[in-house]
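Novice: Once you've had a glance at the structure underneath, I'll fire off some questions.
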Amino acid sequence: MSNFARFAELHVPGSPLVLFNVWDAGSAQAAAKAGASAIATGSASVAMANGFGDGQEVPLEFVLANAKRIVDAVDVPVTVDFEGAYSTDPHEGARNIVRLADTGAAGCNFEDQVVGGEGLHPIPVQAERIAAARAAVGPDFFINVRTDLFLKAKQDTHDEAMLDEAIRRVHAYAEAGASGFFVPMLGNLGFLGRLCAEATVPVNFMTYPGCPSDAEVAATGVARISHGPFPYMALMARFEEMAREALG
Amino acid sequence: MPSTPSQRFATFAALHVPGDPVILYNIWDVGSAEAVVKAGAKALATGSHPVGDASGFGDAHHVPLDYVFANAGRIVEAIDPLPLTVDFEGAYSTDAEEGGQNVARLKATGAVGCNFEDQVVGGEGIHPLELQVSRIAAIRRAVGADFFLNARTDLFIKYDTRDDALVDQAIERGKAFADAGASGFFVPRLADPRQIERVVREVPLPLNVIAFPGAPPKAEWAAAGVARISHGPFPHRALMAQLTEAASAAIN
């Protein structure tokens, strides 16, 4: 079975693939040792570990080289958090995704927020970017398209209108060639259930402090649970404690 | 305003006090460096093994030189004004002049010092004393007076007798390294306080030993005259074990 097929079939609605996000080859190996069936990077974690800001401030060449080192370090499929593919131009973004696929990665996250700007790209713009990426990278690469609708708004403002917008986006993105749909910071289980019922591609939930349990999330039909920057942040807090103890 | 290199060199050298050792909790990238700064460190040190493991290149000169320099430069910038010393293994060349040039390039990243070891990287045993002395002298010529060249002997790693005859050899090396221009003497796996006392007494350089799981308490080493205690690969290993544990809890 190809790396792509292996990765795609891990996305089972109701029995989600759990991704414990990493940032370098060493952390990828540590997660693989825990029995991870796939490895995902987090862009914020990669940025923090290397002293860059998030929001495409990690140089593209660094992202690609880091991805290649991670792919070479583990025996399981790797998906890379690729932010906005480092271009608002659909064809340049698509070329960047092809370069990412050339590292051996099985997939990527690709987000609809205007990186370094305000708000989200309109649906037709984002759909065009997805279609260009799909045409360039071929049918198998797992393009996990992320909407930042819920990330950009406080959780107590998440309402029906936003859910409707998310449903419009998942339909348009799936039609344009997305393999999955990622909704970070959507935590309303009722909304997740309705989104999963509407979506024709696997839905990805991101954990955050105080979020519903994996079991509750799985019951809504989610097919993938990732951890974003939280493993990195928790581990670095722990490292600080270890250092404080050693420094005495 | 960023600190000047001469400020950082002076700060770093002054931290090496026999009996009141500077503690270096080894790091590998900017994020780990920032965590150790927050913990109150006075100086930062990379470990070549952690950098090799974290990046996936592996230890023993497998991390490309350009990566070592870029990583060091990022850390220097992130922790300013604290000083950074880099574990530079065998300076990526057995040729004395080329090793000197490599250390000069490392200095250009803003690092205040480095470890430089006498084992034959990728080979067997340790370099003959005469050769190692010529390498140290070449580095000193290449980097000028104030770069902290922490000359390491791997006698205690390569030969597990760890007896008094080995201490004699270490002392012979330490004295010769000092004459050649070393700033510090690093003997990983030297652990016995009585042996440490002998080395401190006879080698005219600040002594660096490495803390490892099961090592004597730091206070005992300090009392024996140690001036610097580093942690080598152990912080990264311990942290990655915790990551495995956390990932396992999340996945299963």
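Novice: Calculate how large, on average over all directions, the projected area of the Cα convex hull of chain A is; give the answer in nm² to one decimal. Intermediate values should be presented prior to the final figure.
Specialist: Details: hull surface 53.1 nm².
Its average projected convex-hull area is 13.3 nm².
Novice: Let me ask something else about it. Determine the shielding of peptide B:26-38 by partner chains: average, over its residues, the number of Cβ atoms on other chains within 10 angstrom of each Cβ.
Specialist: Taking all residues of B:26-38 together, the mean is 6.
Novice: Arrange the following residues from fewest to most other Cβ atoms within 10 Å of their Cβ: B:Thr11, B:Thr244.
Specialist: If I rank by nearby Cβ atoms, fewest first, I get B:Thr11, B:Thr244.
Novice: Right, next: Using +1 on the beta carbon of Lys and Arg, -1 on that of Asp and Glu, and nothing else charged, what's the dipole of chain B about the Cα centre, debye to 20?
Specialist: Value, rounded to 20: 600 debye.
Novice: Where the only charges are on Cβ atoms (+1 Lys, Arg; -1 Asp, Glu), what is the dipole of chain A about its Cα centre, to the nearest 20 debye?
Specialist: Charge dipole, chain A, about its Cα centre: 440 debye, nearest 20.
Novice: Any chance you could check the Cα centroid distance between the range B:87-109 and the range A:122-181 for me, in angstrom?
Specialist: Going from one Cα centre to the other spans 50 Å.
Novice: Return the average number of partner chain Cβ atoms within 10 angstrom of each residue Cβ along peptide B:50-57.
Specialist: Other-chain Cβ atoms within 10 Å of each residue's Cβ, averaged: 6.
Novice: Taking the Cβ of B:Pro204 as the centre, find all other residues whose Cβ is under 11 Å away and add up their charges (Lys, Arg: +1; Asp, Glu: -1).
Specialist: Net of charged neighbours comes to 0.
Novice: Compute the FRET efficiency between A:Ala161 and B:Lys38 as 1/(1 + (r/R0)^6), taking r as their Cβ-Cβ distance and R0 = 30 Å, and round to the nearest 0.05.
Specialist: According to the calculation, E is roughly 0.10.
Novice: Further question: Once you have the Kirkwood Rh of the range A:1-100 from its Cα pairs, apply Stokes-Einstein at 4 °C and 1.567 mPa s and quote D in µm²/s.
Specialist: Using the Kirkwood radius from Cα pairs, D works out to 91 µm²/s.
Novice: On full extension of the chain, what length is gained from B:Thr161 through B:Glu77, given 0.36 nm per residue of separation minus the C-alpha to C-alpha distance?
Specialist: Gain on extension, B:Thr161 to B:Glu77, equals 26.0 nm.
Novice: Tell me, rounded to the nearest percent, the portion of alpha carbon pairs in the protein assembly as shown spaced more than 43 Å apart.
Specialist: Result for the distance tail: 26 percent.
Novice: Among the lysines, select those whose C-alpha is under 26 Å from the C-alpha of B:Lys158, and discard any that sit fewer than 8 residues away in the same chain.
Specialist: Within reach: B:Lys175, B:Lys218.
Novice: Let me ask something else about it. If neighbour count is taken as other Cβ atoms inside 10 Å, put A:Cys211, A:Cys196 in order from fewest to most.
Specialist: A:Cys211, A:Cys196
Novice: Ok, one more. Listing B:Val200, B:Val103 from the residue with the fewest other Cβ atoms within 10 Å to the one with the most, what is the order?
Specialist: In increasing order of surrounding Cβ atoms, one gets B:Val200, B:Val103.
Novice: So for the protein assembly as shown: antiparallel DSSP bridges make up what percent, rounded to the nearest 5?
Specialist: Looking only at bridges with both residues in the protein assembly as shown, the antiparallel portion is about 5 percent.
Novice: Output ³J(HN,Hα) for the range B:228-236: one whole-Hz value per residue in order, computed from phi by the Karplus curve 6.51 cos²θ - 1.76 cosθ + 1.60 with θ = phi - 60°, and x for Gly and Pro.
Specialist: 7, 10, 10, 10, x, x, 5, x, 5
Novice: Restricting to the range A:3-247, compute how many DSSP beta bridges are antiparallel as a %, nearest 5.
Specialist: If we restrict to bridges inside the range A:3-247, about 5 percent are antiparallel.
Novice: Which whole-percent values make up P(r) of chain B when all C-alpha to C-alpha distances are grouped in 5 Å steps starting at zero?
Specialist: All Cα pairs, binned at 5 Å, distribute as 1, 6, 14, 19, 21, 18, 12, 6, 2, 1, 0, 0 percent.
Novice: Once you charge only the Cβ atoms, +1 for Lys and Arg and -1 for Asp and Glu, what is the size of the charge dipole of the protein assembly as shown about its Cα centre, to the nearest 20 debye?
Specialist: Charge dipole of the protein assembly as shown: 560 debye, to the nearest 20.
Novice: Related question: For B:Asp66 paired with B:Val17, estimate the spin-label separation in nm (one decimal), with each label point 7 Å from Cα along the Cα-to-Cβ line.
Specialist: Going from the B:Asp66 label point to the B:Val17 one covers 4.4 nm.
Novice: Normalise the Cα radius of gyration of the range A:113-174 by 2.2 N^0.38 Å (N = residues in it) and let me know the number.
Specialist: Dividing the Cα Rg of the range A:113-174 by 2.2 N^0.38 Å gives 1.21.
Novice: Out of B:Ile23, A:Pro202, A:Ala131, whose Cα points farthest toward the positive end of the dipole of the protein assembly as shown (charges: +1 Lys, Arg; -1 Asp, Glu; placed on Cβ)?
Specialist: Most positive-ward Cα: B:Ile23.
Novice: What Kirkwood hydrodynamic radius, in Å, does the range A:57-193 give when the mean of 1/r is taken over all pairs of distinct Cα atoms and then inverted?
Specialist: Computed over Cα pairs of the range A:57-193, the Kirkwood hydrodynamic radius comes out at 15.3 Å.
Novice: Given 37 °C and 0.692 mPa s, compute D for the range A:152-248 with the Stokes-Einstein relation, Rh being the Kirkwood radius over Cα pairs; round to the nearest whole µm²/s.
Specialist: D = 219 µm²/s.
Every number in this text was worked out from the coordinates using simple rules, so none of it is lab data. None of the values given here were measured: they were computed from a predicted structure. Backbone-built Cβ (ideal geometry, glycine too); neighbour counts: all protein chains shown.
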